[in-house]
1. So Glu479 passes all but one of these: (1) part of a helix (DSSP H, G or I); (2) open to solvent by 20 Å² or more (accessible area, probe 1.4 Å). Which condition number does it fail?
2. List the residue pairs whose Cβ atoms are under 6 Å apart, where the first residue sits in segment 622-651 and is outside any strand (DSSP E or B), the second is open to solvent by 10 Å² or more (accessible area, probe 1.4 Å), and the two are 6 or more positions apart or on different chains.
3. Test each condition in (1) among the aliphatic types (A, V, I, L, M); (2) assigned to a strand (DSSP E or B); (3) over 20 Å from Ser734 (Cβ atoms) for Val454 and report the one that comes out false.
4. Can you find a residue that is on the phi > 0 side of the Ramachandran plot, touching a residue at least 12 places away in the same chain (Cβ under 8 Å) and either outside any loop (DSSP other than H, G, I, E, B) or among the polar types (S, T, N, Q) (or both) anywhere in segment 333-350?
5. Is segment 168-180 home to any residue that is without any contact (Cβ under 8 Å) to a residue 24 or more places away in the chain, open to solvent by less than 60 Å² (accessible area, probe 1.4 Å) and either over 30 Å from Val699 (Cα atoms) or basic (Lys, Arg) (or both)?
6. Residue under question is Asp127, and the condition is that it be acidic (Asp, Glu) and either in contact with a Leu (Cβ under 6 Å, 6 or more places away or on another chain) or more than 27 Å from Val316 (Cα to Cα) (or both); does it hold?
7. If a residue has to be open to solvent by less than 40 Å² (accessible area, probe 1.4 Å) and touching a residue at least 12 places away in the same chain (Cβ under 8 Å) to count, how many in segment 75-90 make the cut?
Amino acid sequence: MTLLRREDPRLLRGGGRYVADIELPSMRYAAFVRSPVAHAELVGVELPPGVVGWTGEDLIGRIETMAPNEADGGVYQDKLLESLGDDRLFVRHEGRPLLAVDRVRHVGDPVAVVIADTAYAAADAADQVRLDLVPRPAVVDPFAALAADAPRLYDHWPDNRSLFVAAGFGDIDAAFSEAAHVSRRRLHSGRLACHPMEPRGVVAEHDSRTDLLTVWSSTQIPHPLRTALAKALRRPAHRIRVVAPDVGGGFGVKAIPYAEELIMAFLALELGVALKWVEQRREHGLAAIQSRDQIHDIELALDADARILGVRDRFVVDNGAANPLGVVQPYNTLAHLCGCYRVPALDVEATAVVTNKAPVSPYRGAGRPEAVFAMDRIVDVAAREMGIDPEELRRRNLITAEEMPYAVGINYRDGTPMTYDSGDFPGCFEAAMTLSGMAEGLRGGARDETGRLVGVGVSTYVEGTGVGPFESARVRVDETGWVEVATGACSQGQGHETVFAEVCAQALGADPEQVTVIGGDTAAVEYGWGTLASRSAVVAGSAILQAATVLRDRIVEAVAEQWELAPADLSIRDGVVEVVGTPTRRMGLGQVAAGFAPGGVFANGSGVGLEEMVCFEPPTVTFATGVHVARVAVDPSTAQAEILNYVVAHDCGPLLSPMIVDGQIAGGVAQGIGAALFELATYDADGQPQNPSLADYLVPDAAGVPKLAVAHLETPSTLNPLGIKGVGEAGAISPPAAVANAIEDALSGLGIEVNQVPVSPDYLFDQLHGARS
């Protein structure tokens with residue numbers, strides 16, 4: 001596809017319509033009162049005279065608590081438990097009240113909500129609410145939280161563990177006992193705040209005439225959110241409409257239902273007026289989910305030829321005050337740990353623990369960057385300890401194309417055996433080496449013209465993409481000949497309108513300029529799952545392809561019968577049905593659609609209307625792969641690191657839109673560079689966030705992101721009709737490992753190791769100071 005993004009003119013001219021842009025008659029505004037402390041007993045909430053508001057006590061019995069969430073992979077938890085067994089997996093879910101009752105568990109925990117005529121008046125009213133809090137000891141260190149005498153976040157739990165999962169294969173004891181070399185390290189992927197350009201927001205309105213509750217939310221999951229609303233409000237789902245309008249970035253932070261969404265819907269019903277809440281930037285840093293924060297104690301066993309014999313890993317996830325998606329993020333890490341490497345034996349145990357911080361849930365990469373950082377760092381460590389070039393060690397252990405499909409030896413989080421369905425890992429690796437100059441043996445340790453030390457780092461990864469359980473598509477041709485595509489996938493900037501229109505047009509034979517794409521509206525299509533987990537092109541795209549194909553077949557068969565021809569004699573091109581080789585006999589799609597209307601020449605009892613609905617259910621995930629190479633300069637006197645150039649070789653199957661794929665990779669790399677060098681959500685010993693706004697939380701700017709060189713392999717998948725693999729998260733997976741490896745390579749002569757990200761100037765300065773000492 002070579003189409004320009006059809007969304008861009010509207011957005012660039014200010015025609016976007018985000019939640020903050022929605023204004024309705026008689027609208028009132030909400031503000032949330034949030035806990036100023038990390039852990040305390042909530043004795044009372046005092047609303048000043050004249051302030052309209054609700055507390056957690058007011059909601060008891062009137063709206064359900066936050067139930068465990070099934071969005072994304074939570075739906076697969078039972079299947080995974082069945083495959084692993086009770087001794088290998090447990091998850092503790094807590095049905096938390098929407099507004100705190102009795103206890104607050106992190107700074108930003110919602111305690112009350114107030115309503116006013118303007119957003120400013122609502123914020124002022126929230127400031128006047130008084131909280132009676134009795135402080136309790138806060139626990140912010142995950143290892144301290146595991147101690148027998150640690151303060152409990154939930155008194156009825158026996159400890160602070162929210163999850164334990166273990167998996168593996170092969171003879172791990174033999175692998176380590178027979179190893180010629182074993183490398184061990186503790187490696188930490190730091191805590192990240194998500195900070196999409198648009199924070200969260202909700203507008204809710206109840207139409208008393210139709211009894212329809214409409215909720216506009218900057219969500220990634222309109223249909224699961226509708227389900228959560230129906231359960232919480234004890235209301236029929238068909239009387240709830242959820243719309244995701246233009247959404248300014250999601251990255252996973254908007255892929256769970258939030259208390260604020262349910263409360264706004266409840267109050268719109270209670271008050272009979274339209275209500276609006278738009279999250280402020282600092283509020284986002286306090287109350288929205290965060291991510292990463294994993295500490296790995298990983299061991300790598302190798303034989304004398306530097307071939308991997310086994311991997312043993314014990315890692316801890318700091319979940320913050322809750323674990324909204326259960327197994328998803330920890331198991332993603334576990335499942336992706338082996339990556340592109342042939343690993344004969346694996347033994348992994350993951351423990352998630354609750355602490356008095358903002359809850360953790362998947363964020364772009366969703367457990368994979370942590371796995372790649374652990375594995376590619378320990379591979380580099382082993383290479384240096386054994387005196388082998390790190391790239392050569394990788395070459396010796398990459399799974400080859402001839403071994404595909406490759407059974408990893410464990411189940412994926414959907415409960416099916418984890419199998420790399422296709423790919424050429426060595427080919428992808430050599431493409432990256434050639435593009436970066438590494439094929440000529442370019443290594444780090446040299447100085448540039450300013451005296452900085454220069455290093456090169458490499459990272460490889462696999463990514464399970466296109467996870468189920470399904471995605472829907474409805475394709476309809478109207479009497480004007482225009483085509484409408486509705487899907488449960490919804491865009492946060494990915495270019496769905498462009499790609500989905502082209503997929504439909506090619507399958508149906510329509511003009512792509514006459515295809516309208518509707519996403520993120522539960523009124524447009526009954527079933528849907530949402531946009532997350534690198535799945536939309538794979539799962540929604542396949543549903544659109546199948547629906548358009550069925551529709552095309554119906555059209556061809558009906559017209560062929562009327563013209564007394566064989567269906568093979570007809571084609572559809574640019575919205576016109578014509579006889580192959582005789583283009584003078586033609587019928588436009590509008591005329592065909594009119595024939596399928598009631599009473600039309602093509603209509604019959606079951607075939608009225610030119611419309612098809614398909615739900616595509618992938619059998620399991622399809623695996624994309626990639627290799628990143630970073631070249632970094634470090635000034636030892638200032639501890640400043642600069643990425644000089646960055647190379648990506650990536651395989652996501654056939655490219656539906658090369659421009660959009662390149663954009664996805666570039667955006668992911670930028671976020672990954674943030675995680676590698678800048679971004680860290682910090683808390684003090686009392687659980688107070690130290691940098692909840694962008695004034696103190698550092699993200700990369702344009703000058704901090706180098707120009708990328710990207711090479712594509714296009715190995716098709718056999719698991720979906722488009723043959724594609726997902727790409728949405730790919731760019732964010734490897735930068736922390738590649739950049740850390742490059743910095744360590746640059747400073748190898750000083751004996752410095754990089755065992756955590758971000759590699760901030762403070763961290764690097766301490767490492768350099770320690771080396772000098």
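1. Result: Glu479 passes all but (1).
2. Partner pairs satisfying both residue conditions: Ala639/Pro761; Ala639/Phe765.
3. (3)
4. Applying the first criterion (on the phi > 0 side of the Ramachandran plot) to segment 333-350 yields 339.
Next, from what is left, pick out any that are touching a residue at least 12 places away in the same chain (Cβ under 8 Å): 339.
Cutting the leftovers down to either outside any loop (DSSP other than H, G, I, E, B) or among the polar types (S, T, N, Q) (or both) gives us none.
Scanning segment 333-350, I find no residue that is on the phi > 0 side of the Ramachandran plot, touching a residue at least 12 places away in the same chain (Cβ under 8 Å) and either outside any loop (DSSP other than H, G, I, E, B) or among the polar types (S, T, N, Q) (or both), so the answer is no.
5. No.
6. Details: acidic (Asp, Glu): yes; either in contact with a Leu (Cβ under 6 Å, 6 or more places away or on another chain) or more than 27 Å from Val316 (Cα to Cα) (or both): yes.
The answer is yes for Asp127.
7. Within segment 75-90, residues that are open to solvent by less than 40 Å² (accessible area, probe 1.4 Å) and touching a residue at least 12 places away in the same chain (Cβ under 8 Å) number 5.
This table checks each residue for (1) surrounded by fewer than 24 Cβ atoms within 10 Å (Cβ to Cβ); (2) touching a residue at least 24 places away in the same chain (Cβ under 8 Å); (3) in a strand (DSSP E or B).
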position	(1), (2), (3)
His296	no, yes, yes
Leu300	no, yes, yes
Ala304	yes, yes, no
Asn319	no, yes, yes
Gly326	no, yes, no
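The values are calculated or read from the model by the stated rules, or taken from the named source; none is laboratory data. Worth saying up front: this structure is predicted, and the values here are computed from it rather than measured. Note that we place each Cβ from the backbone using ideal geometry, even for glycine, and neighbour counts take in every protein chain shown. We work out accessible area using only protein heavy atoms, side chains counted, and drop any ligands, DNA or RNA first. Shrake-Rupley method; radii C 1.70, N 1.55, O 1.52, S 1.80 Å.
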